[in-house]
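Computed from the coordinates by the stated procedures, all read-outs in this text should not be read as laboratory data. Please read all numbers here as calculations on a predicted model, not as lab measurements. All Cβ positions, glycine included, derive from the backbone under ideal geometry; neighbour counts span all protein chains shown.
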Amino acid sequence: MEAMATLESFRLTQYAHGGGCACKIPPGELEEVVRGLTHARPTDPLGELLVGLDDGDDAAAVRIDGGTALILTTDFFTPVIDDAYDWGRIAATNALSDVYAMGGRPVVAVNLLGWPRDTLPFELAAEVLRGGLDVCGAAGTHLAGGHSVDDPEPKYGLAVTGIADPARLLRNDAGKPGVPLSLTKPLGIGVLNSRHKSTGERFEHAIDAMTALNAQASAAALRAGVECATDVTGFGLLGHLYKMARASGVTAVIDAAAVPYLDGARDALAAGYVSGGTRRNLDWVAPHTDLSAVGEDDALLLADAQTSGGLLIAGEIPGAPVIGELVPRGEHTIVVR
């Protein structure tokens, strides 16, 4: 019990400058970094690249034979909550989500761990890894080894390989006018995590949302014949929707009143718990978005940097609220009404 009390005394969020997907490099800056790299091609490749850097989709997809595509992704971040085991679960769920967002099934993953070995006990690192292992077990995914480095800030995530039918990928460039938009998890994770980092309050319903696998939503989308989807993580709903609408050559219309939020999200926003990542998201999409129908609070929540959020689906599936639709390209890429 004494050892456990000692471990619980460490607040992991205090050892990182940011938390979860809110610590991602801002989308506009990231696009500048990879500009010019999207058309590089290897010599004599063993597979056909189906999805790469071009439209900033959730994962890479490579056809290795006529009926199989490999889905490859990696995702890691600094602590989003203080509990080591739950942080491991959240980070693993988030990494697996990229495969589900492409319509794939994760097959094998490896750990990615950065750890301040002189600052935090390795017993906490073991709890982080145990959380990732449990999530992969529940997802039917092998977790086989990985890589670790001594790092001033703790970081954890996975590199994941999955498989999919190359003819039935969920892509962010396949949206069509006249198709509804559905969202499978409520927003508000970012502001609640910011409140947790500042106050230590624990929000069980936010943890439940972040550790809910997107496997069933992905399978439901495929059954419904959906072709276009993405997941909602660090760039917020508006950021990921902007990438989808831009890649698909359409305008996305969002009904702000139909967007679901976690309990306490608006209270956290009103109390000022807004991450820098959320504000950068809004700054990035604002020039391309008509926000005249909503106030700043709604705009910030729509841009809230999510960690392990739900799927944004161009189509309808059971249990997911319809929050808008895709229409022919107009003056703005996104219209919020």
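The 3J(HN,Hα) values that the Karplus relation (6.51, -1.76, 1.60; θ = phi - 60°) gives for the range 276-291 are, in residue order, x, x, 5, 5, 5, 4, 5, 4, 5, 8, 3, x, 10, 10, 8, 10 Hz. Gly and Pro appear as x. Karplus-based coupling profile of the range 84-97, in residue order and whole Hz: 5, 4, 5, 4, x, 5, 5, 5, 5, 4, 5, 5, 5, 4, with θ = phi - 60° in 6.51 cos²θ - 1.76 cosθ + 1.60 and x standing for Gly or Pro. Beyond a 23 Å Cα-Cα separation, which of these cross-linked pairs lie in this structure: K155/K243; K155/K197; K197/K243? Beyond 23 Å: K155/K243; K197/K243. Between R223, R171, R41, where does the largest GNM mean-square fluctuation fall for the chain, given springs only between Cα atoms within less than 10 Å? Highest fluctuation of the listed residues: R41.
Under a point-charge model restricted to the Cβ atoms of Lys and Arg (+1) and Asp and Glu (-1), what is the dipole moment magnitude of the chain relative to its Cα centre, in debye to the nearest 20?
500 debye
Identify the GluC sites (Glu not before Pro) of the range 242-337 meeting these criteria: DSSP loop state and at most 11 other C-beta atoms within 10 Å of the C-beta. Don't skip to the end; give the middle numbers.
Numbers: sites: E296, E316, E325, E331; in loops: E316, E331.
Here the GluC sites (Glu not before Pro) that fit, given the DSSP loop and packing criteria, are E331.
Backbone geometry of the range 329-335 corresponds, through the Karplus equation with coefficients 6.51, -1.76 and 1.60 at θ = phi - 60°, to 3J(HN,Hα) couplings of 4, x, 5, 10, 6, 10, 10 Hz, x marking Gly and Pro. For the residues T119, T278, T93, a GNM of the chain with alpha-carbon springs under 10 Å puts the largest fluctuation on T119. Considering only G330, L96, A212, the residue lying farthest towards the positive end of the dipole of the chain is G330, judged by Cα position with unit charges set on Cβ.
Assuming a ≥ b ≥ c are the square roots of the Cα gyration tensor eigenvalues, decide whether the range 184-337 counts as rounded (a/c under 1.5), prolate (otherwise, with a/b larger than b/c) or oblate.
On the way: a/c = 2.06, a/b = 1.20, b/c = 1.71.
Note, shape of the range 184-337 comes out oblate.
Between V99, V179, V232, the Gaussian network model of the chain with springs among Cα atoms under 10 angstrom shows the greatest mean-square fluctuation at V179.
Cut-off is 10 Å between beta-carbons; in what order do D283, D98, D118 appear when sorted fewest neighbours first? Intermediate values should be presented prior to the final figure.
Details: D283 13, D98 26, D118 7.
With the sparsest Cβ surroundings first, the list reads D118, D283, D98.
Evaluate the relative contact order of the chain (contact order divided by residue number), counting alpha-carbon pairs under 8 angstrom at least 6 apart; express in whole percent. Worked out over the chain, it gives 23 percent.
If you take the Cα atoms of the range 129-228, find Rg, then find the Kirkwood Rh from the mean of 1/r over all pairs, what is Rg/Rh?
We get a ratio of 1.02 for the range 129-228.
Secondary-structure-derived ellipticity at 222 nm for the chain, considering helices only, amounts to -10000 deg cm²/dmol, per-run term -39500 (n - 2.57) for DSSP H runs with n ≥ 4. If you sort the three axes of the alpha carbon gyration tensor as a ≥ b ≥ c, you get a/c of 1.5 or more for the range 271-337 and a/b no higher than b/c, which makes it oblate.
Between the listed residues L241, S9, L302, the Cα displaced farthest toward the positive end of the dipole of the chain, a dipole computed from Cβ unit charges relative to the Cα centre, is found at L241.
Return the Rg/Rh ratio of the chain with Cα-based radii and a Kirkwood Rh. Each step should come with its number before you reach the end.
On the way: Rg = 19.3 Å, Rh = 20.1 Å.
Result for the chain is an Rg/Rh of 0.96.
One equal scatterer on each Cα of the range 37-180, no solvent, Debye formula: the resulting log10 I(q)/I(0) at q = 0.11, 0.12, 0.19 Å⁻¹ is -0.47, -0.55, -1.06.
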